[in-house]
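Read through the structure below, which is laid out as structure tokens, and then see the notes.
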Amino acid sequence: MLTRDLGERIARAAVTGTSAAARLAALPGVVDTIATMMAGSAEAPPRVLCAGLAPLPAGQAWECVNGSRVDAASAALVNGMAAHVLDYDDVALRGHPSAVMAPAILALGQALGRSGRDALDAYVVGYETWGDLVERERGMHPIKGWHTTSVFGAVGAAAACACLLRLDGARAAHAIGLGATQGAGLMANFGSMAKSYQTGRAAQAGVVAAQLAAAGMTAGADVLEHPQGFLRAHSPQGDVDTARAPRATESGWLVERQPVSLKRYPTCYYTHRALDALLALLARTPIPAREVAAVRVRISEEHATILRNHAPRTGLEAKFSMEFAMACALRHGKVGLAELTDACAAAPDMQDLMRRVRVETVAADSADWNGAAAFDEVIVERHGAPPLRSDRVAHPAGHAKRPLTPFELDAKFRDCLDHSPYAAVGDALLRTVRELDETPLDELWPTRAH
């Protein structure tokens with residue numbers, strides 16, 4: 001059975017580890033998540049979370065908002081929310097795996113006194129489990145209203161934490177089931193504080209699920225594949241494969257073949273191809289905003305559905321707005337952390353530019369990106385001049401097929417730390433996380449720099 005087989009695979013990896021190649025492939029996602037988590041620690045949503053739950057239970061795990069030591073489940077919740085709140089975290093497996101799994105793994109690993117190598121092995125296992133499940137579905141969960149990251153993230157994090165706890169096959173399967181029963185999250189929360197809260201809750205769910213399984217709590221033996229189980233319950237149309245056996249990992253792990261894609265912009269990933277297209281066009285042919293009659297963006301209907309905020313007035317809303325993305329590129333020549341603010345979104349000139357953006361939907365016929373068009377492109381219509389058409393972009397910069405260089409990843413890390421209360425320790429932290437495979441987790445976090 002699927003649930004049992006996945007549990008056995010987790011248990012084997014807990015004993016043998018994964019591989020040096022898999023750990024190396026996992027490292028960029030963990031490094032990137034630490035960067036986005038630090039930058040997100042100063043944002044209002046995770047601070048509201050900490051204030052609303054204060055005082056958090058004391059423990060050995062570090063949380064980034066107040067720089068305090070709390071229990072592992074609380075640290076995973078806070079850090080997971082902070083990692084995702086800026087929408088600057090990585091993308092893979094139809095969601096944002098690292099923003100869920102890395103905070104859960106680092107929190108529990110620190111509480112258990114584990115090493116960085118243990119943490120990376122756990123990440124590889126969680127990634128494999130998440131990928132195995134999400135790839136069984138032929139439809140798009142977001143169209144039904146499910147937030148894939150928080151639904152599948154609870155299971156992926158549970159698998160990773162079960163590996164950290166070195167559970168046997170039966171208890172690892174129960175951990176998966178306990179994670180699955182906590183998997184939840186709604187697309188209607190995009191553009192609000194609740195969106196990143198859903199991600200934090202998935203990280204917390206993974207920790208709690210593994211801890212409960214270790215203590216003897218059980219879940220359904222076929223909770224994933226049952227006709228009323230996890231996969232079919234969340235499936236948009238019931239078009240899901242529950243019979244196929246898990247893929248063997250002897251020839252390599254999923255993270256090696258399909259690594260994460262890193263974001264260049266702190267906005268929904270569905271804006272990134274169009275942003276690359278427009279910014280490249282502007283680099284070749286600068287276009288003053290006053291000359292722009294209209295901006296036509298060609299993307300799939302599925303992606304357009306997710307980008308639901310057409311006239312955003314806050315930074316959170318702007319993250320899910322193609323209108324904002326295009327207007328920001330035209331007005332500021334870039335889309336970064338400094339632009340994703342309430343003031344920028346609400347500025348009269350930005351509102352005016354957003355009203356000139358038109359989204360045109362095309363077929364979702366990409367061969368390797370579920371729900372995407374084969375490419376996105378942008379057409380800028382000008383007053384008194386011929387329209388300008390961008391290049392066709394199939395993979396945005398930072399995608400696994402167009403990866404960031406180590407220099408670019410380091411630059412993003414430093415930029416995130418510069419936008420955080422931890423700027424003073426950024427270089428030291430970067431040196432440490434580069435060597436995570438050889439680092440005890442208790443040596444990872446900086447002292448509070450608030």
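The values are calculated or read from the model by the stated rules, or taken from the named source; none is laboratory data. This structure is a prediction, so every number in the text was calculated from the model and none was measured. Reconstructed Cβ throughout: ideal geometry from the backbone, glycine too, with neighbour counts over all protein chains shown. Heavy atoms of the whole protein, side chains included, go into the accessibility calculation; ligands, DNA and RNA do not. Shrake-Rupley method; radii C 1.70, N 1.55, O 1.52, S 1.80 Å.
For a quick size check, give me the Cα extents of the chain along its three principal axes, largest first, whole Å.
The Cα atoms of the chain stretch 72, 50, 39 Å along the principal axes, largest first.
With only alpha-carbon atoms in the gyration tensor, what are the semi-axes of the equivalent ellipsoid for segment 46-114, in Å, largest first? Let's see the in-between values first.
Numbers: eigenvalues 84, 47, 11 Å².
Equivalent-ellipsoid dimensions as semi-axes: 21, 15, 7 Å.
Not counting the cut sites, what is the longest span of the chain without GluC sites (Glu not before Pro) that DSSP labels loop and that have at most 13 other Cβ atoms within 10 Å?
Values: sites that count: GLU250, GLU435.
Maximal segment without exposed cleavage sites: 1-249.
Tilt of helix 20-40 relative to the longest C-alpha principal axis of the chain, in degrees (0 to 90, nearest 10)?
On a 0 to 90 degree scale, this one is about 60.
Within the accessible area of the chain, what % is carbon and sulfur when the probe is 1.4 Å and the other protein chains stay in place?
Working: 8810 of 16770 Å².
Percent of accessible area from carbon and sulfur atoms in the chain: 53.
Given charges of +1 on the Cβ of Lys and Arg and -1 on the Cβ of Asp and Glu, with all other atoms neutral, how large is the dipole of the chain about its Cα centre, in debye to the nearest 20?
The calculated dipole for the chain is roughly 600 debye.
Using a Gaussian network model on the chain with a 10 Å cutoff between Cα atoms, which of VAL240, VAL378, VAL65 fluctuates the most?
VAL240
For the chain, what's the relative contact order in percent, using C-alpha pairs closer than 8 Å and at least 6 residues apart?
On the way: 987 pairs, mean separation 86.9, N = 450.
Relative contact order for the chain comes out at 19 percent.
Hey, what did segment 104-189 get for relative contact order, percent, Cα under 8 Å, at least 6 apart? List each step's numbers first, then the result.
Working: 96 pairs, mean separation 30.7, N = 86.
Relative contact order of segment 104-189: 36 percent.
Run the Debye formula on the Cα coordinates of segment 19-144, all scatterers equal and no solvent, and tell me log10 I(q)/I(0) at q = 0.21 1/Å.
-1.18
Counting only heavy atoms of protein chains, what accessible area per residue, in Å², does segment 269-393 have with a probe of 1.4 Å? Present the calculation step by step, with values, prior to reporting the outcome.
Details: 5260 Å² over 125 residues.
Heavy-atom accessible area per residue stands at 42 Å².
Any idea what the relative contact order of segment 269-393 is, in percent, if you count C-alpha pairs under 8 Å spaced at least 6 apart?
Working: 234 pairs, mean separation 47.2, N = 125.
Reported as a whole number, the value is 38 percent.
About its Cα centre, how strong a charge dipole does segment 48-145 have in debye, to the nearest 20, once Lys and Arg get +1 and Asp and Glu get -1 at the Cβ? Show your work: numbers first, answer last.
On the way: 7 positive and 11 negative charges, 27 e Å.
Dipole magnitude for segment 48-145 comes out near 140 debye.
Between segment 408-443 and segment 257-321, how many Å separate their Cα centres?
The two parts, judged by their Cα centres, are 28 Å apart.
Filter the trypsin sites (Lys or Arg not before Pro) in segment 366-450 to those in DSSP coil with at most 11 other Cβ atoms within 10 Å of their Cβ, and list the result. Before the final figure, lay out each step's value.
Values: sites: ARG382, ARG389, ARG392, LYS401, LYS412, ARG414, ARG431, ARG434, ARG448; in loops: ARG392, LYS401, ARG448.
Within segment 366-450, the qualifying trypsin sites (Lys or Arg not before Pro) (loop, at most 11 other Cβ atoms within 10 Å) are LYS401.
Using alpha carbons only, what's the Rg to Rh ratio of segment 269-393 with Rh from Kirkwood?
Details: Rg = 13.6 Å, Rh = 14.3 Å.
Rg divided by Rh gives 0.95.
For segment 269-393, with only Lys/Arg (+1) and Asp/Glu (-1) charged at the beta-carbon, what is the dipole magnitude about the Cα centre, in debye rounded to 20? Show your work: numbers first, answer last.
Values: 16 positive and 17 negative charges, 73 e Å.
Here the size comes out at about 360 debye.
Using helices alone, I'd like the mean residue ellipticity at 222 nm for the chain: each DSSP H run of four-plus residues gives -39500 (n - 2.57), total over residue count, nearest 500.
On the way: 20 runs with 227 residues, N = 450.
Computed mean residue ellipticity for the chain: -15500 deg cm²/dmol.
Post the alpha-carbon centroid distance, segment 72-140 to segment 151-178, in whole angstrom.
Using only Cα atoms, the two centres lie 12 Å from each other.
Which one of ILE287, LEU404, THR36 has its Cα pushed farthest toward the positive end of the charge dipole of the chain, where Lys and Arg give +1 and Asp and Glu give -1 at the Cβ?
ILE287
Taking the dipole about the Cα centre of segment 125-214, with the C-beta of Lys and Arg at +1 and of Asp and Glu at -1, give me whichever of SER196, ALA160, VAL134 is farthest to the positive side.
It is SER196, whose Cα lies furthest towards the positive end.
With everything on Cα atoms, drop me the angle between helix 272-284 and the longest principal axis of the chain, reported from 0 to 90° to the nearest 10.
For 272-284 against the chain, the angle is about 40 degrees.
Report the local net charge at ILE299: Lys and Arg +1, Asp and Glu -1, summed over other residues whose C-beta lies under 10 Å from its C-beta.
Values: positive: ARG273, ARG298; negative: GLU301, GLU302, GLU360, ASP376, GLU377.
Charge balance near ILE299 sits at -3.
Using θ = phi - 60° and the Karplus relation 6.51 cos²θ - 1.76 cosθ + 1.60, list the HN-Hα couplings for segment 238-253 in order, rounded to whole Hz, with x at every Gly or Pro.
Using θ = phi - 60°, the values come out as x, 8, 9, 8, 9, 9, 4, 6, x, 5, 5, 10, 4, 8, x, 9 Hz.
Along the charge dipole of the chain, which of THR439, MET101, VAL362 sits closest to the positive end, that is, farthest toward it, with unit charges on the beta carbon of Lys, Arg, Asp and Glu (+1, +1, -1, -1)?
Checking the options against the dipole of the chain, the answer is VAL362.
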